[in-house]
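Here the structure comes first, spelled out in structure tokens, and everything after it is commentary.
The values are calculated or read from the model by the stated rules, or taken from the named source; none is laboratory data. Keep in mind it's a predicted model, so treat the numbers as computed, not measured. Don't worry about glycine lacking a Cβ; one is built from the backbone with ideal geometry, like all the others, and counts go over all protein chains shown. Ligands, DNA and RNA are stripped out before the accessible areas are found, and what is left, the full protein with its side chains, is counted by its heavy atoms. Shrake-Rupley method; radii C 1.70, N 1.55, O 1.52, S 1.80 Å.
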Amino acid sequence: MTPTEAPQPLNSISAVPRKEKGRPAWQSILEAVLLNLEQLRNHPLPLEIRSALDDVLEKARQLPLLLSEETEQLRLAALYRVSHSLGSSLNLDEVLNQVMDAVIDLSGAERGFLMLLDPDTGELHLRVARNMEHETLQSKEAVSRTITETVVRNGAPILTTDAQSDPRFARQESVMLHSLRSIMCVPLRSRGELIGVVYVDNRISAGVFTTEDLNLLNAFASQAAIAIENARLYARTDQALQQRLTELETLTQIDRELNSSLDFNRIMDITRSWALRGTQGLQAWVLLKDGNEPFRIAAGPLEEYPLSAQPPLFEQEWTAKVLWQAANLALLAAPIFHGGKLAGMIAVLKSTPFTQQEGIFLSRLAARAANAIENARLYDAVQHANQEKNRFISVISHELRIPMTSIRGYTDLLRQQTVGPVNEQQRSFLETIRNNVDRMAALVSDLSDISRIESGRLKLEPRWIDLSQLVDETIMTLRPRLDEKGHQLTCELTTGLPEVFADPTRVTQVLTNLLTNAIKYTPGGGSIWLRLRRENGSIRLEFQDSGIGIAPEDQQRLFEQFFRSEDRAVREEQGWGLGLNVAKQLVELMGGSIGFSSQLGQGSTFWFTLPVEGKQEQ
């Protein structure tokens with residue numbers, strides 16, 4: 001510079017030109033500082049000051065590189081920090097808010113929007129709208145749909161530093177209407193599939209975002225997409241688990257109700273009720289079949305069933321099928337298989353289409369109802385067989401009593417020589433006839449008692465009775481048989497026992513049965529002990545003998561009807577295997593209990609108890 005040249009005035013930093021679009025603010029300021037330093041260097045300066053100024057200029061020229069590297073490091077650190085924080089939750093709504101808040105913080109945007117793609121329709125649905133204060137926006141429509149749809153269509157990010165002047169978007173209605181300026185929009189990808197977009201903007205200033213901001217946002221979007229997809233997968237898994245748990249609870253309730261009864265009509269009602277509840281149907285039927293016979297309606301209104309609906313060939317398929325459709329009605333049926341064979345089907349009528357889930361439910365209901373229905377049918381069959389058996393026994397008992405009475409009467413007349421003298425051999429024959437008639441009468445009586453007990457027709461006539469008196473009467477009745485076999489009977493009767501409320505005739509029948517067994521199955525000259533005592537709230541009576549005892553394999557079946565041991569000593573004695581069964585049922589009818597203990601070859605002890613208060617009359 002020559003002495004005649006006037007020094008140029010220094011530019012003021014406060015007069016820094018407006019920041020160019022797409023450039024960081026610090027870059028414009030630094031360029032202004034460097035310009036002023038260059039101008040200052042052109043002034044005459046002392047050597048030391050000039051040398052220092054040159055050193056400052058050199059360092060200032062290195063600042064852009066240093067600042068860019070530091071800024072990039074800060075960006076990467078921020079990216080790592082927010083990416084790492086995304087894994088702190090698997091709640092989808094929380095993750096979406098975290099993503100949007102992090103995007104706004106990283107980019108310095110005014111607002112941010114996150115939209116997810118509907119895989120079925122291909123449409124974007126807004127899920128999150130946030131501002132720089134991390135608040136949810138109430139107005140969620142002020143975005144450029146053109147930009148978001150372009151990103152979805154092309155799969156590439158978009159950056160515009162001023163949408164108002166950008167020829168690509170300036171004429172778009174949303175840009176003009178909402179005065180949109182700085183905008184960035186990047187795709188969200190998971191496993192190579194586009195799942196949505198992230199959109200940020202600044203409506204006040206242009207040139208807010210740079211290419212570096214776009215690259216950073218794109219990098220973050222890749223991490224965010226993984227977090228979003230993980231949260232969505234967790235939500236779907238959790239929803240599926242909850243749905244499955246609900247299904248299991250429902251099926252458990254169905255099993256509980258179906259297994260709570262053996263009544264056929266009750267099972268039908270439960271099945272139809274659950275069929276309607278699980279499908280939201282209008283009407284339900286249960287149709288059953290036997291072998292190759294056609295289906296028949298076992299439950300449900302016959303007049304409402306679509307007669308034109310033909311049952312399909314399920315062929316071991318458990319899947320429910322639509323049998324019939326007309327107007328707005330549809331009939332869905334699920335097969336009932338039992339033992340590998342088609343046993344029936346559950347049909348439901350509905351005014352709206354059946355969903356796949358409803359079909360699955362109906363199939364599962366049919367599978368669970370199969371055993372309950374079959375058990376109810378078997379129970380009905382057993383009940384019917386028992387009724388027929390009781391009816392048969394009742395008829396036979398009545399018919400047998402008439403000829404037995406005649407045989408007994410005429411036998412007694414002959415024995416008494418009413419119609420003429422009887423020799424010893426004839427008397428022996430008559431005794432045999434009388435004994436067998438008595439045996440037949442006892443059998444008929446036991447069968448009649450069993451029939452009346454099982455059918456509920458046996459009526460007790462309870463009253464207050466003294467058990468010790470009944471014991472004495474029973475011993476007196478059976479004394480001839482005791483003496484005949486030479487048994488020694490020892491009685492241990494506690495005195496002062498309270499009376500019991502029971503049927504004296506039936507108690508005597510039990511006493512006779514148990515004492516008779518002790519006499520029969522104790523070899524001649526044996527011992528029998530009879531004990532009567534109070535035990536808690538009951539009176540206990542037991543018969544102990546020194547007889548043949550009972551084999552362990554026979555003890556489990558001892559109270560079964562018509563059971564007799566194969567032991568030769570047992571078979572030598574007369575009996576039908578009904579006495580103990582009758583005794584057990586009679587004792588239980590009177591509110592007591594009965595049992596025994598025995599060792600083979602060492603004798604047995606039979607006992608029964610009757611409550612002191614008894615079973616009061618109804």
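Annotations for the structure displayed:
- Hz values of 3J(HN,Hα) by residue in the stretch 150-165 - Karplus curve (6.51, -1.76, 1.60), Gly and Pro given as x: 5, 4, 5, 5, 8, x, 10, x, 10, 10, 10, 7, 7, 5, 5, 10
- 3J(HN,Hα) couplings calculated from phi for the stretch 320-334 with the Karplus curve 6.51 cos²θ - 1.76 cosθ + 1.60 (θ = phi - 60°) are, in sequence order, 6, 10, 7, 8, 7, 9, 7, 6, 9, 10, 9, 10, 10, 10, 10 Hz; Gly and Pro show x.
- The stretch 331-359 and the stretch 239-260 have Cα centres separated by 18 Å.
- Calculated accessible area for the stretch 407-465 comes out at 64 Å² per residue, all protein chains present (probe 1.4 Å; ligands, DNA, RNA ignored).
- Overall, the chain carries a charge dipole of about 1180 debye about its Cα centre when +1 sits on the Cβ of Lys and Arg and -1 on the Cβ of Asp and Glu, all other atoms neutral.
- Charge dipole (the chain, unit charges on Cβ, about Cα centre) - positive-most of Q172, L470, I360: L470
- C-alpha center-to-center spacing [the stretch 564-584, the stretch 266-329] in angstrom: 52
- Across every pair of non-identical alpha carbons in the stretch 352-445, the mean reciprocal distance, once inverted, gives a Kirkwood radius of 18.5 Å.
- For the stretch 579-594, putting each phi into the Karplus relation 6.51 cos²θ - 1.76 cosθ + 1.60 with θ = phi - 60° gives couplings of x, 5, 4, 5, 4, 4, 5, 5, 4, 5, 4, 8, x, x, 9, 9 Hz, in residue order, rounded to whole numbers and with x for Gly and Pro.
- Across the protein chains, with a 1.4 Å probe defining accessible surface, the residues K584, K459 rank K459, K584 from largest area downward.
- Listed residue pairs exceeding 28 Å between alpha carbons, taken from K389/K520; K389/K459; K459/K485: K389/K520; K459/K485
- Note on the chain: with neighbouring protein chains present and a 1.4 Å probe, carbon and sulfur make up 52 percent of its accessible heavy-atom surface.
- Those aspartates and glutamates that a straight Cα-Cα span of less than 13 Å connects to K321, excepting residues fewer than 8 apart in one chain: E358
- Mean Cβ count within 10 Å, highest first, over the residues of peptides 276-288, 424-436: 276-288, 424-436
- Cβ-based charge dipole, the chain, positive-most Cα from A206, A441, I158: A441
- log₁₀ of I(q)/I(0) at q = 0.16, 0.20 Å⁻¹ - the stretch 304-419, Debye sum with one point per alpha carbon: -0.84, -1.04
- Calculated log₁₀ intensity ratio I(q)/I(0) where the Debye formula runs over C-alpha points of the chain, q = 0.07, 0.08, 0.09, 0.12 Å⁻¹: -0.76, -0.86, -0.96, -1.19
- Relative contact order for the stretch 434-555, counting Cα pairs under 8 Å that sit 6 or more residues apart, in percent: 25
- Annotation for the stretch 553-591: chymotrypsin sites (Phe, Trp or Tyr not before Pro) lying in DSSP loop with at most 11 further Cβ atoms inside 10 Å of their Cβ are F562.
- Dipole magnitude (debye, nearest 20) for the stretch 102-158, charges at Cβ of Lys, Arg, Asp, Glu: 100
- Long-range amide H partners of I336 with built H, under 5 Å: A343, G344, M345, I346
- For the stretch 132-263, size of Cβ-based charge dipole, Lys and Arg +1, Asp and Glu -1, in debye: 560
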